[in-house]
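To start, I am sharing the structure in question, which I have written as structure tokens.
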Amino acid sequence: MFYSLSTLLIPKILESHTEIKLYILHSHFLFYTHTHTHIYIYIYMASIGTGYDLSATTFSPDGRVFQVEYAQKAADSSGLTLGMCCKDGVVLAVEKVLLSKMLLKESGRRVHLIDQHAILAVAGMGPDGRQLATRARQECEQYRNIFRMPMPAHLLAERIAGYVHVHSLYWHVRPFGCTILIGTWDGKQGPALYMIDPSGTFYRYYGCAAGKGKQGAKTGLEKLDFHQLSCEDALFELAKLINAAHDESKDKPYEMEMIWIKRDLGKASLVPPNLIETVRQRAEQLAREEEMAD
């Protein structure tokens, strides 16, 4: 006989039978009684991943890959990471949580220079993000050596997304526990912003968010007119979103990291620390004024 039962009913079954031997066969439980009656009980555990989360190569009955979902949770639990396409470039910003007061501010960066025309920001596990940044640099260097021109944005995003996806196909590797944002500037195509998640899925955006508080940040991004914003204006808007997502009573202190690629600069660069501090103070002052007005 076959039963579809809750795990709460198993103790009652055990009490009603004597000399029961329990054998675990994947997600099936076989109870053998002294009357030689075999009772198979199938317990549906796909929703919690039991038995289906041991490898990234295993699909659950409802078509989910739990290892990839766990990697996405690792990315979602990190500091807020934002990206914005502007009329004159791309700006990326990261809320880097300071785990200790003794840490130097410049250590453990989550924003990376990839090439003269490309930048990258990481939400999730920092070491995983650094490996993807290194891979992106190698792809850009190889393309430039062969074709004597910068690597197109869509091709760079496609190559890195494919590399990420491969790590969800084999049992001897694990998915990358991070979501990355890639920004580029092309003289012909203009600014481009891509986001790649741990499954290898990637899309092009005007503005995007990853990490803790991303839903509220997305709501704020949707209210902006990206075609009218300059990179300088975007710094303040991103600082406001990060400040709004940060709860000083619960969250640890944080450092704001920003990187941009502007048309007038001609190449990617880190945003100067004094400029970051200025927009952060403006954002915090605005938040205090709004709080007092309420």
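The values are calculated or read from the model by the stated rules, or taken from the named source; none is laboratory data. Computed from a prediction, not measured in an experiment: that's the story for all the values here. Here Cβ is always computed from backbone atoms with ideal geometry, including for glycine, and neighbour counts include all displayed protein chains. In case anyone asks, the SASA skips ligands and DNA or RNA and just uses the protein heavy atoms, side chains included. Shrake-Rupley method; radii C 1.70, N 1.55, O 1.52, S 1.80 Å.
Given the conditions (1) in contact with a helix residue (DSSP H, G or I) (Cβ under 6 Å, 6 or more places away or on another chain); (2) at positive phi; (3) open to solvent by 70 Å² or more (accessible area, probe 1.4 Å), and given that residue 124 satisfies all but one, which numbered condition is not satisfied?
Answer for residue 124: the failing condition is (3).
Among the residues of region 144-161 satisfying the criterion of being of a type outside the set (D, E, K, R), in contact with a strand residue (DSSP E or B) (Cβ under 9 Å, 6 or more places away or on another chain) and more than 24 Å from residue 73 (Cβ to Cβ), which is most open to solvent (accessible area, probe 1.4 Å)?
Looking only at region 144-161, we keep the residues that are of a type outside the set (D, E, K, R), and these are 145-147, 149-157, 160-161.
Of the ones still in play, those that are also in contact with a strand residue (DSSP E or B) (Cβ under 9 Å, 6 or more places away or on another chain) are 150-154, 156-157, 160-161.
Checking which are more than 24 Å from residue 73 (Cβ to Cβ) leaves us with 150-154, 156.
Working: 150: 59, 151: 2, 152: 31, 153: 19, 154: 105, 156: 1 Å².
Step by step, filter region 144-161, then rank; the result is 154.
Residues are listed down the side, and each one gets a yes or a no for (1) in contact (Cβ under 8 Å) with a residue 40 or more places away in the chain; (2) within 30 Å of residue 66 (Cα to Cα); (3) assigned to a strand (DSSP E or B):
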{"site": "170", "(1), (2), (3)": "yes, yes, no"}
{"site": "174", "(1), (2), (3)": "yes, yes, no"}
{"site": "181", "(1), (2), (3)": "yes, yes, yes"}
{"site": "200", "(1), (2), (3)": "no, yes, no"}
{"site": "217", "(1), (2), (3)": "yes, yes, no"}
{"site": "220", "(1), (2), (3)": "no, no, no"}
{"site": "226", "(1), (2), (3)": "yes, no, no"}
{"site": "232", "(1), (2), (3)": "no, no, no"}
{"site": "242", "(1), (2), (3)": "yes, yes, no"}
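Let me ask something additional. Can you find even one residue in region 243-262 that is surrounded by fewer than 22 Cβ atoms within 10 Å (Cβ to Cβ), closer than 17 Å to residue 113 by Cα and assigned by TED's automatic domain parsing to the domain that holds residue 207?
yes
Within region 185-204, can one find any residue that is modelled with pLDDT of 95 or more, outside the structural domain of residue 59 (by TED's automatic domain parsing), on the phi > 0 side of the Ramachandran plot and not polar (S, T, N, Q)?
Among the residues of region 185-204, at least one is modelled with pLDDT of 95 or more, outside the structural domain of residue 59 (by TED's automatic domain parsing), on the phi > 0 side of the Ramachandran plot and not polar (S, T, N, Q), which makes the answer yes.
Can you find a residue in region 59-79 that is over 27 Å from residue 139 (Cβ atoms), open to solvent by less than 50 Å² (accessible area, probe 1.4 Å), assigned by TED's automatic domain parsing to the domain that holds residue 263 and part of a loop (DSSP other than H, G, I, E, B)?
no
Just one of (1) in a helix (DSSP H, G or I); (2) in contact with a helix residue (DSSP H, G or I) (Cβ under 6 Å, 6 or more places away or on another chain); (3) farther than 15 Å from residue 114 by Cβ trips up residue 139, so point out which.
It is condition (3) that residue 139 fails.
Could you tell me whether region 204-220 includes any residue that is of a type in the set (Lys, Arg) and in contact with a helix residue (DSSP H, G or I) (Cβ under 6 Å, 6 or more places away or on another chain)? If you could, list the steps in order and put the result at the bottom.
Keep residues of region 204-220 that are of a type in the set (Lys, Arg), which gives 204, 212, 214, 218.
Filter again for in contact with a helix residue (DSSP H, G or I) (Cβ under 6 Å, 6 or more places away or on another chain), leaving none.
Looking for residues that are of a type in the set (Lys, Arg) and in contact with a helix residue (DSSP H, G or I) (Cβ under 6 Å, 6 or more places away or on another chain), one finds none in region 204-220, hence no.
Would you please list the contacts, defined by Cβ atoms under 6 Å and residues six or more apart or on different chains, that run from a residue in region 108-129 that is under 18 Å from residue 212 (Cα atoms) and in contact (Cβ under 8 Å) with a residue 60 or more places away in the chain to a residue that is of a type in the set (Ser, Thr, Tyr) and open to solvent by 10 Å² or more (accessible area, probe 1.4 Å)?
Partner pairs satisfying both residue conditions: 123/78; 124/78.
Then there is this: Please enumerate the residues belonging to region 104-118 that are over 24 Å from residue 244 (Cα atoms) and either outside the structural domain of residue 269 (by TED's automatic domain parsing) or open to solvent by 40 Å² or more (accessible area, probe 1.4 Å) (or both).
104, 107, 113, 116 - these are the residues of region 104-118 that are over 24 Å from residue 244 (Cα atoms) and either outside the structural domain of residue 269 (by TED's automatic domain parsing) or open to solvent by 40 Å² or more (accessible area, probe 1.4 Å) (or both).
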